[in-house]
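This report refers to the structure that appears directly beneath it.
Quick note: the coordinates plus some simple rules give every number you see, no bench work behind them. On a predicted model such as this, the values are computed, not experimentally measured, just so you know. As a convention, Cβ positions derive from the backbone with ideal geometry for all residues, glycine included, and neighbour counts pool all protein chains shown.
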Amino acid sequence: MKKLPLHWKIIIGMIIGIIFGFIMNSLDNGKNFVSDWIAPFGKIFINLLKLIAVPLILASLIKGISDLKDISKIKSMGLRTIMIYVSTTLVAIVIGLSIVNVVKPGTGMSSETIEKIKVKYQNSEGVVDKLEKASAQNDTGPLQALVDIFPSNIFTALGEAKMLQIIFFALFVGICLLLIPEDKAKPLVGFFDSLNEVVMKMVDLIMLFAPYAVFALMANVIIAFDDTEILLKLVNYALCVVVGLALMIGFYLILIKIYTKKSPLWFLNKIAPAQLLAFSTSSSAATLPVTMERVEEHLGVDKEVSGFVLPVGATVNMDGTSLYQGIAAVFIMQVIWPEGLTYSNQLVIVATALLASIGSAAVPSAGMVMLVIVLESIGFPAELLPIGLALIFAVDRPLDMCRTVVNVTGDATVSMLVAKSLGKLGEPQVKNWDDHYEDVK
């Protein structure tokens, strides 16, 4: 009997988790049961993925850079990567703004619905938390984002998973390994090469648990939806975001077909497990180890490319988040600040959303924090900000799940484009968790 592919197992776990969540929602004490006895398994799975994300970035980047043997190649690969990431982000923002301006999902919302949403969410812990985080970020100096790239203590950066600082350190070490004699660099290069192999094997083992973890994660998501009436009132806005995200994935598939000459269906089939985990976890950082494993072993991207492009992408490439910010900002203005809907303000949204995507943390709901910054950049009234966030708060988590899928798909797409341009896109070489099991059992 043919073995069921991993992505189908994950889909089955996801569907069962959704059904189970709805059943538990209808039972007395069902929510507590899911929170106490089901949700922890999902958290364990995410913790395991986060556990290996940092050593994987460190090992793969240092090994990839040291393997280039030529510092000029780093410049070439870096420029191509950043240029493509910026270009796809601009496309995402334009798609989002085009859809929201054509559909106008905020113009038909009744005052009663706005008041109900305001009462329910304006002073909620989630909205207040996002406003405080955005305020703290705004209080920093204009070059603070640049300062934050350079760590003062690499062990602190590793412990707190500060991705940009880890990437800088790894690039710095990799370049220095190129600048010293090869015989001196060989032991350290060999260590990181071995560490990379070990962490990738960890990914294989952790993914055996993925279908069960996705079940737990989806069940926990479903029990969080406690007001279906408000969700239905926001369906037009949510559909605008989902359609925009779907168009963005279509754009990626066109790029794959035209530039790499690979089948879009083949690409989706190979990257599906990473997409499904991105949907379940709402975190491109947590999904990064799986994304790297799928891109390297199943799409055929050389480690030199994936080790650089994917960690950078998980930090600075947030196409789904940027698209969402464009739609969400205009939707909020359509509802409570229509006088702000000018072409100049929308141009500012494009620029700010592009910059915000670079600083957006690869964690759940970080996009909402950046949305506050986008709104403040166009002079959105401060007293209306809590109401604006409240308007979209009810559907933010499911939309966050969807936009994380786009973020991860975009990272995989760009890695293939860069690899193809550098002649580093080869045939997939899939490794399984039990490849050497017979030798050691």
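Some notes on this structure:
- Loop GluC sites (Glu not before Pro), the stretch 118-174 (other Cβ atoms within 10 Å of the site Cβ: 16 or fewer; DSSP): 160
- Residue 110/residue 239 FRET efficiency (R0 25 Å; Cβ-Cβ; nearest 0.05): 0.90
- Global form of the stretch 133-242, assessed from the alpha-carbon gyration tensor, a/c cut-off 1.5: oblate
- Candidates 150, 221, 111 compared by Cα position along the dipole of the stretch 7-428: farthest toward the positive end lies 150, with charges placed on Cβ.
- On Cα atoms only, tilt of 366-377 relative to the major axis of the chain in degrees: 60
- Percent of C-alpha pairs per 10 Å bin in the stretch 7-428, short distances first: 5, 22, 31, 26, 13, 3, 0, 0.
- Dipole size of the stretch 131-270 about its Cα centre, with +1 on Lys/Arg Cβ and -1 on Asp/Glu Cβ: approximately 640 debye, rounded to the nearest 20.
- The order of 176, 240, going from fewest to most other C-beta atoms within 10 Å of their C-beta, is 176, 240.
- Pairs from the list 3/201; 31/133; 257/420; 75/162; 63/184 with a Cα-Cα gap above 18 Å: 3/201; 31/133; 75/162.
- Computed FRET value (nearest 0.05) for residue 29 with residue 382, which takes r as the C-beta separation and R₀ as 41 Å: 0.50
- Relative packing of 373-381, 181-189, which averages over residues the other C-beta atoms within 10 Å, highest first: 373-381, 181-189
- Rounded to the nearest 10 degrees, the angle from helix 396-421 to the longest Cα principal axis of the chain is 30 degrees.
- Simple rule: put +1 on each Lys or Arg Cβ and -1 on each Asp or Glu Cβ in the chain, find the dipole, and look at 232, 292, 38; the Cα lying farthest toward the positive end is 292.
- If you take the Cα centroid of the stretch 35-111 and the Cα centroid of the stretch 8-23, the two points sit 25 Å apart.
- The modelled label-to-label distance for the pair residue 432/residue 43, using points 7 Å beyond Cα in the direction of Cβ, is 3.5 nm.
- Magnitude of the charge dipole for the chain, about its Cα centre and with charges confined to Cβ atoms of Lys, Arg (+1) and Asp, Glu (-1), is about 980 debye.
- Note on residue 343 and residue 150: their simple-model spin labels are 4.2 nm apart, each label 7 Å out from Cα toward Cβ.
- Angle between the chain longest axis and helix 6-25 axis [Cα atoms, degrees, rounded to 10]: 30
- Distance between the modelled labels on residue 183 and residue 101, one decimal in nanometres: 6.5 nm (7 Å Cα→Cβ projection).
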